[in-house]
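Step one of this worksheet: look at the structure below.
The values are calculated or read from the model by the stated rules, or taken from the named source; none is laboratory data. On a predicted model such as this, the values are computed, not experimentally measured, just so you know. Here the Cβ is made from the backbone with ideal geometry for all residues, glycine too, and neighbour counts use every protein chain on show. With ligands, DNA and RNA removed, areas are computed over all heavy atoms of the protein, side chains included. Shrake-Rupley method; radii C 1.70, N 1.55, O 1.52, S 1.80 Å.
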Amino acid sequence: MLERKQLKGRTQVTFILPEDAPGGPVSVVGDFNQWNPAAHPLAPRGDGTRAATVVLPAKSAHSFRYLAVGDHWFDDEQADSHDGVNGRLHT
């Protein structure tokens, strides 16, 4: 799931997944963090989910995916669009 909050000239985007699906550590990777899995690991929240938040320029588009243990790549079904294997996020 994606949550957005508009800021002055920027958009705060929170990437949210269930706490246990998939199991183990998960990171959100994309062109906004040079596809670096260490940049935005999802952290547990008190509501049974885990999340990572990034701040991106307003009126921009970005490719992203999730990366779980075992080199398991997967998409967010709520992405705004897709460009082949990657989800696309429009701020």
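Quick notes on this structure:
- For region 1-41 versus region 48-73, the spacing of their alpha-carbon centroids is 3 Å.
- Dipole magnitude (debye, nearest 20) for region 3-91, charges at Cβ of Lys, Arg, Asp, Glu: 520
- When only alpha carbons of the chain are considered, Rg and Dmax amount to 12.4, 38 Å.
- GNM top mover of Asp80, Asp71, Asp31 - the chain, alpha-carbon springs below 10 Å: Asp71
- The residues of the chain expose on average 55 square angstrom of accessible surface per residue, using a 1.4 Å probe on protein heavy atoms.
- Length gained on full extension, Glu3 to Asn36: 9.8 nm, using 0.36 nm per residue less the C-alpha separation.
- Full extension of the chain between Ser81 and Val69 yields a length gain of 1.8 nm, computed as 0.36 nm times the residue separation minus the alpha carbon distance.
- With both labels modelled 7 Å from their Cα along Cα-to-Cβ, the Arg10 to Thr53 distance reads 1.1 nm.
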